[in-house]
Amino acid sequence: MKTPQERRPVITGIGVVAPNGTGAGAFWKQTQEGVSVLDAVSREGCAHLPLRVAGEVRDFDPVDLIEERFLVQTDRFTHYAMAAADLALDDARLGRADYEDAPYGVGVVTAAGSGGGEFGQRELQRLWGQGSRYVGPYQSIAWFYAASTGQISIRGGFKGPCAVVASDEAGGLDALMHAARSVRRGTDAVVVGAAEAPLAPYSVVCQLGYEDLSTCDDPARAYRPFTADACGFVPAEGGAMLVVEDEAAALARGVPGRAELAGHAATFTGASRWEESRGGLARAIGGALAEARCAPEEIDVVFADALGVPAADRAEALAIADALGAHGRRVPVTAPKTGTGRAYCGAPVLDTAAAVLAMEHGLIPPTPNVFDVCHDLDVVTGRARPAELRTALVLSRGLMGSNAALVLRYLPGTPL
């Protein structure tokens, strides 16, 4: 039996449900072209609220993708996660025939920022408007932040190690490394990721307490990190699910790994203490590099957290310089999320998906709506930049103070 050091966790499948497309192909096409899909909030009940711009998932009908018995039990955030999980499994060519004799070899890990706000609001309105007899039994589970893990595992018949990570927006990266460590300990495959649905009225009202939320009503100016016009972040729906496998197990199925989850580290610096996040994020980067046995100059691209708050942007720019040294001022930096919005825990998983696709295509996607960068960073703007990419660094910070960094290493020979 292989030791944990000998088992190599690799990404074999990518599933995306995002404001700019459903499916990895549609998502990548829009991402590499730098298309911004930010627009006015159109969700029912939100028109009178101060949040004016968001990244909504449009043209997504869960009825076409998910069985009725699961739909009635679940919130929109779980619909996105289940659909993305199906896409990731298809992409990895991992079907029931591959694990029906060994269901304990496949696990599920998700991260969530707030759970099922839309479902919860609907049931509470029934409670106060019509009485307790009109509240459905699934109110007890659909809102819960662990709902997506549970429903994906039940629906797929996965009986391996399952978990939910609750560590702020950075939990998206923490979930990926939780999956990687499960693989190193002996699990053959893990379906892992995050999806969010924060645009129900109740959810939006809760977010209005964040000082860092952008209330600008111009989609082209509402989310512009690393610029003098930065005025906060724009929230978004959706996310991504990945299949992470032991490389040997994947190759035994005839499926090559696309990228290795090579290194990760996390720190905590406190809610909205952006000046202190400089040191915490730099330490997370250093820890991820150390675990990956990666020198700073080996990093070919950075997918930035890009909060859009001047103090946070400055701290991130300095953290990259602190951790990568002189290379930090030369390495290309991108933040595709400025075209789709910040999907909380789903955002860094979408960045991870984009990083894998960028390495496969040799193309760094641009940062939509960002032009005049006011920090000492080489931010890719305007159009995609061709580059030979072998190692990517993905960064994430949470509004409550979590910081995380992930090093991805491209596996050559992956077919496009």
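The values are calculated or read from the model by the stated rules, or taken from the named source; none is laboratory data. These figures come from a predicted structure and were not determined experimentally. With ideal geometry, Cβ positions are generated from the backbone for all residues, glycine too; neighbour counts draw on all protein chains shown. Accessible surface areas use protein heavy atoms only, side chains included; no ligands, DNA or RNA. Shrake-Rupley method; radii C 1.70, N 1.55, O 1.52, S 1.80 Å.
Packing order of peptides 148-155, 380-387, highest average first: 148-155, 380-387 (average count of other Cβ atoms within 10 Å over each peptide's residues). Put a dot 7 Å past the Cα of L251, heading toward its Cβ, do the same for A47, and the two dots end up 5.9 nm apart. Here's the picture: charge each Lys and Arg Cβ at +1 and each Asp and Glu Cβ at -1 in the chain, and of N369, G150, S182 the one pushed furthest to the positive end of that dipole is S182.
If the chain between F371 and Y138 were fully stretched, how many nm would it gain, using 0.36 nm times the residue separation less the Cα-Cα distance? Present the calculation step by step, with values, prior to reporting the outcome.
On the way: separation 233, 0.36 × 233 = 83.88 nm, distance 4.67 nm.
My answer for the length gained is 79.2 nm.
Name the residue, out of V192, V165, V63, whose mean-square fluctuation peaks in a Gaussian network model built on the chain with Cα pairs under 10 Å. With Cα springs under 10 Å in the chain, the top fluctuation among V192, V165, V63 is at V63.
Per DSSP H run of n ≥ 4, the term is -39500 (n - 2.57); total these for the chain, divide by its residue number, and report the mean residue ellipticity at 222 nm rounded to 500 deg cm²/dmol.
-10000 deg cm²/dmol
Full extension of the segment from A102 to D59, taken as 0.36 nm per residue of separation minus the current Cα-Cα distance, would add 11.8 nm. Note on Rg and Dmax of the Cα atoms in Å: of the candidates (1) 21.7, 73; (2) 20.8, 81; (3) 20.0, 64, the value calculated from this structure sits at (3).
With Kirkwood's inverse mean 1/r over C-alpha pairs for Rh, give me the Rg to Rh ratio of region 112-208, two decimals please.
Over the Cα atoms of region 112-208, Rg/Rh equals 1.06.
Taking the protein heavy atoms of region 214-292 in the context of the full set of protein chains, the accessible area attributed to carbon and sulfur is 50 percent at 1.4 Å.
Cβ-Cβ distance of R221 and A311, R₀ of 22 Å, FRET efficiency by 1/(1 + (r/R0)^6): the value works out to about 0.70. When the square roots of the Cα gyration tensor eigenvalues are ordered a ≥ b ≥ c, the ratio a/c for region 306-416 is under 1.5, which makes its shape rounded. Take every Cα pair under 8 Å whose residues are at least 6 apart in sequence, average their separation, divide by the length of the chain, and the relative contact order is 23 percent.
If the segment from L208 to E388 were pulled out straight at 0.36 nm per residue, it would be longer than the present Cα-Cα gap by 60.7 nm. Just checking the listed ones, M400, M177, M82: in the Gaussian network model of the chain with Cα springs under 10 Å, the one fluctuating most is M400. The GluC sites (Glu not before Pro) of region 215-259 include none that DSSP puts in a loop with a beta carbon having at most 11 other beta carbons within 10 Å.
Here the accessible area is traced with a 1.4 Å probe on the protein chains. For region 299-341, carbon and sulfur cover 56 percent of it.
As a calculated quantity, the FRET efficiency between V72 and M400 at R0 = 41 Å, using C-beta atoms, amounts to about 0.80.
Excluding ligands, DNA and RNA, the accessible surface per residue across the chain is 38 Å² with a 1.4 Å probe.
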